[in-house]
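The values are calculated or read from the model by the stated rules, or taken from the named source; none is laboratory data. If you're wondering where the values come from, they're calculated on a predicted model, not measured in any experiment. Please note: Cβ atoms are built from the backbone with ideal geometry, for glycine as well, and neighbour counts cover all protein chains shown. Just the protein is used for accessible areas: all its heavy atoms, side chains included, with ligands, DNA and RNA removed. Shrake-Rupley method; radii C 1.70, N 1.55, O 1.52, S 1.80 Å.
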Amino acid sequence: MTDLAPSDDLAALRQEIAAQLAASADLRAWDAVRVGVLGKSGRLTALLKGLGAVAPEARRERGAALNRLKAELEAAIESRRLALEAATLEARLAAERLDVTLPPRPHPPAGAEQGGIHPISRTMEELVAIFGAMGLRVAEGPDIEGDWYNFGALNIPEHHPARQDHDTFYLPADPDGRRPVLRTHTSPVQIRTMIAEPPPIRVIVPGRTYRADHDATHSPMFHQVEGLVIDRGITLGHLKGCLIDFLRAFFCISDLPVRFRASYFPFTEPSMEVDIGWNRRTGELGKGGDWLEILGSGMVHPRVLANCGIDPREWQGFAFGMGIERITMLKHGMPDLRPFYESDLRWLRHYAADPLSPPSLAEGV
Ligand code: PHE
């Protein structure tokens, strides 16, 4: 039976535990210290269990000393836990801190390849941004068209010379003798939209088109965007306002000269070719006194409206169409059309747009 001096061993234990707690660098080490003292087979637990073996006359004092030490150690252990938790949180906050002064668009890590947006796709995004702000939405249609959608409904009758203009790709005839075509323009989507939904209609149609033609400025597959606005009381004034605003926004030239010149399309009456001012010699847009044809437009022909079941005495509208490659080449000063489709990485890297900076009207497209 032992009768230890009440405080000697306890003072040593207190010191030892204080040192262990101070050395515990994380919550896991801290927990090992806690269990080593207060756990089922912890040091202090063992001392408390041994109380029964202490001589009765010393037991009361020893018990009181052990209980004081226990309270002391519990407090020290708890305060170490709080300190460690606070340090962990500090470390996390420091590691996850957001630097609000960093540029808003992340750059790829050094050595990583960054993808880019093809200039055709970029122009389409810009068209959607500009016309979208005017309230036009995107409509789509098939690349393989029926003859009636591509020509007939658009007031281009069989054997009409306009059909030859388009250098059409024909597919093999079906059993009824009808030959599907690769659409030669996006105008058949005007027809599909007017048949599918009642006016008012406000759409643009960006998409692929096909003509048997191939040189520095023509490709057998190219892209057009069509525009169609049908409502009551639509006039030539609306057409002009819409296209002047569009051209100035697209080319980012707020005083870009725009000229409307009488022309002919079977599906519009009157029809107008639209030119922008430029310098023929330097290629600079916006000044120079020369004119460059950029798109076709006109008031939708009453017969086209009637072909789609729309009463031309009640509804009027305008339409326009332009080549996406052409306006892209002009905007970026590209001399040749062919690289659009050649997948040459040097060309793509040069002309690609940043995928993290979609066009916005606020910044100017
Ligand atoms: N579809 C015509 C073309 O491909 C362009 C156009 C569209 C003209 C709409 C007027 C109105 O040449």
Query raised in the report: With the chain treated as a Gaussian network of Cα nodes joined by springs under 10 Å, which of THR123, THR282, THR45 yields the largest mean-square fluctuation?
Result: THR45
Query raised in the report: If each of ASP99 and ASP336 carries a label point 7 Å out from its Cα toward its Cβ, how far apart are those two points in nm?
Result: 4.3
Query raised in the report: What number, in percent, do you get for the relative contact order of region 11-136 if the mean sequence gap of Cα pairs under 8 Å and at least 6 apart is divided by its residue count?
Result: 22
Report summary line: Taking Cα pairs closer than 8 Å and at least 6 residues apart, the relative contact order of region 98-234 in percent is 22
Report summary line: Residues other than MET221 with Cβ under 15 Å of its Cβ, Lys/Arg counted +1 and Asp/Glu -1, net out at -2
Query raised in the report: Under a Cβ-Cβ cut-off of 14 Å, what is the net charge of the residues other than LEU89 that fall near it, where Lys and Arg count +1 and Asp and Glu count -1?
Result: -1
Query - Relative counts (whole %) of C-alpha pair distances in the chain, using bins that are 20 Å wide - result: 22, 33, 11, 12, 15, 7, 0
Query raised in the report: Taking only pairs that are 8 or more places apart or on different chains, how many Lys pairs in the chain have Cα atoms under 29 angstrom apart?
Result: 6
Query raised in the report: DSSP loop GluC sites (Glu not before Pro) in region 130-214 with at most 13 other Cβ atoms within 10 Å of their Cβ, which ones?
Result: GLU140, GLU158
Query raised in the report: What whole number of Å gives the distance from the Cα centroid of region 68-126 to the Cα centroid of region 215-277?
Result: 51
Requested in this report: Mind checking the full-extension length gain between GLN114 and LYS240? Use 0.36 nm per residue of separation minus the Cα-Cα distance, one decimal, nm.
Outcome: 41.3 nm
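Given contacts defined as C-alpha pairs under 8 Å and at least six residues apart, what's the relative contact order of the chain, whole-number percent?
Values: 536 pairs, mean separation 56.4, N = 365.
Here the relative contact order equals 15 percent.
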Requested in this report: Could you list the trypsin sites (Lys or Arg not before Pro) in region 114-183 that lie in coil according to DSSP, counting only those with at most 12 other Cβ atoms within 10 Å of their Cβ?
Outcome: ARG178
Query raised in the report: Which value in deg cm²/dmol, rounded to the nearest 500, describes the helix-derived mean residue ellipticity at 222 nm for the chain, given -39,500 (n - 2.57) per DSSP H run of n ≥ 4 and division by the residue count?
Result: -12500 deg cm²/dmol
Query - Cα long-axis angle, helix 8-23 against the chain (0 to 90 degrees, to the nearest 10) - result: 10
Query raised in the report: With axes computed from alpha carbons, what is the tilt in degrees of helix 56-95 against the longest principal axis of the chain, rounded to the nearest 10 within 0 to 90?
Result: 20
Report summary line: Interchain or sequence-distant (5+) residues whose placed amide H lies within less than 5 Å of the amide H of PHE169 are LEU182, ALA212
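Pop out the Kirkwood hydrodynamic radius of region 61-104 from its pairwise C-alpha distances, inverse of mean 1/r, in Å to one decimal.
13.5
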Requested in this report: Once you've got the GNM for the chain with C-alpha springs shorter than 10 Å, pick whichever of VAL33, VAL229, VAL138 has the biggest mean-square fluctuation.
Outcome: VAL33
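Can you tell me how much longer the chain between ARG281 and GLU293 gets when fully stretched, taken as 0.36 nm per residue apart minus their C-alpha distance, in nm with one decimal? It would help to have the intermediate numbers written out before the result.
Numbers: separation 12, 0.36 × 12 = 4.32 nm, distance 1.55 nm.
Extra length available between ARG281 and GLU293 comes to 2.8 nm.
Counting only protein heavy atoms, what percent of the accessible surface of region 1-96 is carbon or sulfur at a 1.4 Å probe?
In region 1-96, the share of accessible area belonging to carbon and sulfur is 58 percent.
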Query raised in the report: Considering only protein heavy atoms, what per residue accessible area in square angstrom results for region 10-95 with a 1.4 angstrom probe?
Result: 63
Report summary line: Ordered by number, the trypsin sites (Lys or Arg not before Pro) in region 63-99 that occupy a DSSP loop and have at most 10 other Cβ atoms within 10 Å are ARG97
Report summary line: Dividing the alpha-carbon radius of gyration of region 1-81 by 2.2 N^0.38 Å, where N counts its residues, gives 1.13
Query - Most fluctuating residue given options ASP176, ASP143, ASP31, as computed from a GNM of the chain linking Cα atoms under 10 Å - result: ASP31
